[in-house]
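The values are calculated or read from the model by the stated rules, or taken from the named source; none is laboratory data. Please read these numbers as outputs of a predicted model, since none were measured by experiment. Cβ placement follows ideal geometry from the backbone for every residue including glycine, while neighbour counts extend to all protein chains displayed. For accessibility, only protein heavy atoms count, side chains too; no ligands or nucleic acids. Shrake-Rupley method; radii C 1.70, N 1.55, O 1.52, S 1.80 Å.
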There are 2 protein chains.
Amino acid sequence: MRASDKAYTELRRDIVEWKLPPGTVLGEVEQAERLGVSRTPLREALARLSADGLAVQQRGRGAVVSDVSLDHLDNLFELRRALEVESSRLAARSEHREGFARLAQRFTEAADALGGGDAGAALEPYYRLAGELDEAIDQAVDNPYIEQALRGLRTHLARVRRLAQDAPDRLRASAFEHAAIAGAIAAGDSELAAAATLLHLSHSLDHIKTHAGS
Amino acid sequence: MRASDKAYTELRRDIVEWKLPPGTVLGEVEQAERLGVSRTPLREALARLSADGLAVQQRGRGAVVSDVSLDHLDNLFELRRALEVESSRLAARSEHREGFARLAQRFTEAADALGGGDAGAALEPYYRLAGELDEAIDQAVDNPYIEQALRGLRTHLARVRRLAQDAPDRLRASAFEHAAIAGAIAAGDSELAAAATLLHLSHSLDHIKTHAGS
DNA sequence: GCACAAAGTTTTGTATACAGAGGTGCGTCC
DNA sequence: GGACGCACCTCTGTATACAAAACTTTGTGC
């Protein structure tokens, strides 16, 4: 693995996981020493982070971890709506929809598990399942431009997710909403898939806005 | 201006204007000498171009100008539909819609000019007007995430535009479609704005696909 | 004559050294 | 006592030198 890739991967992970909180100044020598690479590959990593929007380059002052707050939530979800609703629509029209019926079933099972006694143990599998749905939609949409836009969006979402804690009842409802999306795609009903996605996003945003900041 | 910015700007312009056609290998020393900068800032420029999708880094072989062809058109317009339809919808709901009525009028006038005797002279003003509409929508949407996604999209569109020549009658129809979009936004009718945008994109894609390659 | 391997050459990837710009702190002047 | 200015210092931005990896070419063996 190249040193610049290593620096990029580590810095990106640290930023997304809030180990480097917003506003942190990323001094080149400091970070280079911390990560065990030279300044040259580190600068390349910082440039990529800036392109991702995870850092902003201040003139003369180097790079600082970009700000993120609930003020961005509406903006983030507006982009999410544009991309994900259309993605669901396209996925439902795609030829490669074999896996979605099974995914819908697994989401329903996950919802039951989240409602059961040991909800904590069902949490991690549920997040992985949600990731699988994202991947399946990406594959079905089969559009590198949309995929790239979604990748950037998901990075910011993962970062903002820290601001809102996940209540078990919300996760259970979310699982049912995901099941509806996967089911609509499996059925090839593009407008139903779009509607189900729109509903999920609306509920998701509502939940974050009412339960965040505590 | 920093040397890396200069290298990025020039390379980007050369790629978008097809002075560096797809498949061109961007040797580091070669380009560094051509642009009069050192390899270090040039590498930073190449990294940014890769992030934009204008170049792809091939293992061991450096960077090459990314491919672009009519095969990408459907993918590009799918993303365009997702972003621009939602942008029009958001712009129509925005508070800052003062300029759109005037823009709609200017598009109607531009359509008349394009239908008149000296259509060639009306070409350049029309392109500028289309750019103004894009900017106005960006301002009304007021969403940095969507704006960034649109910026990347427009870069690729500018590049692919070379593949399709602009027939005068299509431009005239396009002007009317733009007038409809601007008018709907000015009226604050979000669904009408979305529909007008959808129609414009559909016609635009149809035209390119039937008239391209000659 | 073709295929495989090895060596050479060209290229990228990394480190370090140097220069320039900006910021901060202290001193002096008003 | 406060404000402005100068100097020092730290940090970014750039260049160059070195190392490593990959591709190409040539030679030899089958």
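Criterion first (touching a Gly at 6+ places or on another chain (Cβ under 9 Å), away from DNA strand D (no atom under 16 Å from the Cβ) and either in a loop (DSSP other than H, G, I, E, B) or assigned by TED's automatic domain parsing to the domain that holds A:Leu133 (or both)) does A:Phe77 satisfy it? Spell out how you get there, then give the answer.
Details: touching a Gly at 6+ places or on another chain (Cβ under 9 Å): no; away from DNA strand D (no atom under 16 Å from the Cβ): yes; either in a loop (DSSP other than H, G, I, E, B) or assigned by TED's automatic domain parsing to the domain that holds A:Leu133 (or both): yes.
No; evaluated as a whole, the condition is false for this residue.
So, in the stretch A:192-214, of the ones that are β-branched (Val, Ile, Thr) and within 17 Å of the chain's Cα centre (by Cα), which residue ends up surrounded by the most Cβ atoms within 10 Å (Cβ to Cβ)?
So in the stretch A:192-214, the residues β-branched (Val, Ile, Thr) come out as A:197, A:208, A:210.
Add one more test, that the residue is within 17 Å of the chain's Cα centre (by Cα), and what stays is A:197, A:208.
Values: A:Thr197: 28, A:Ile208: 20.
Filtering the stretch A:192-214 for residues that are β-branched (Val, Ile, Thr) and within 17 Å of the chain's Cα centre (by Cα), the one surrounded by the most Cβ atoms within 10 Å (Cβ to Cβ) comes out as A:Thr197.
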Review point. Under 6 Å by Cβ, and 6 or more places apart or on different chains, what pairs join a residue from the stretch A:108-136 that is under 27 Å from A:Arg151 (Cα atoms) with one that is of a type in the set (Phe, Trp, Tyr) and open to solvent by less than 20 Å² (accessible area, probe 1.4 Å)?
Key: A:Ala110/A:Tyr126
Practice item. Return only the number of the condition from (1) acidic (Asp, Glu); (2) within 16 Å of DNA strand C (Cβ to nearest atom); (3) closer than 30 Å to B:Asp189 by Cβ that B:Glu86 does not satisfy. Key: (2)
Review point. Looking at A:Arg48, A:Arg61, A:Arg2, which one is within 16 Å of DNA strand D (Cβ to nearest atom), in contact with a Phe, Trp or Tyr (Cβ under 6 Å, 6 or more places away or on another chain) and at pLDDT below 95?
Key: A:Arg48
Point to revise | Options A:Gln148, A:Gln57: the member that is free of Cβ contacts under 8 Å to residues at least 24 places away in the same chain and within 16 Å of DNA strand C (Cβ to nearest atom) | key: A:Gln57
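Residue-by-condition table, conditions (1) under 21 Å from A:Ile208 (Cα atoms); (2) in the same structural domain as A:Glu84 (by TED's automatic domain parsing); (3) over 15 Å from the mean Cα position of the chain (by Cα):
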{"residue": "A:Arg102", "(1), (2), (3)": "no, yes, yes"}
{"residue": "A:Ala119", "(1), (2), (3)": "yes, yes, yes"}
{"residue": "A:Ala136", "(1), (2), (3)": "no, yes, no"}
{"residue": "A:Asn143", "(1), (2), (3)": "no, yes, yes"}
{"residue": "A:Ala149", "(1), (2), (3)": "no, yes, no"}
{"residue": "A:Leu153", "(1), (2), (3)": "yes, yes, no"}
{"residue": "A:Arg159", "(1), (2), (3)": "yes, yes, no"}
{"residue": "A:Ala167", "(1), (2), (3)": "yes, yes, yes"}
{"residue": "A:Arg170", "(1), (2), (3)": "yes, yes, yes"}
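Do any helices (runs of 4 or more DSSP H) lying entirely in the stretch B:1-67 carry at least 3 residues that are closer than 21 Å to A:Pro144 by Cα, open to solvent by 20 Å² or more (accessible area, probe 1.4 Å) and within 11 Å of another protein chain (Cβ to nearest Cβ), and which ones are they?
Values: elements: B:3-16, B:28-35, B:39-52.
Ranges flagged: B:39-52.
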Study note, to complete from the structure: Among helices (runs of 4 or more DSSP H) entirely inside the stretch B:85-191, those with 1 or more residues being away from every other protein chain (no Cβ under 14 Å) and open to solvent by less than 20 Å² (accessible area, probe 1.4 Å) are B:98-115, B:123-141, B:168-187
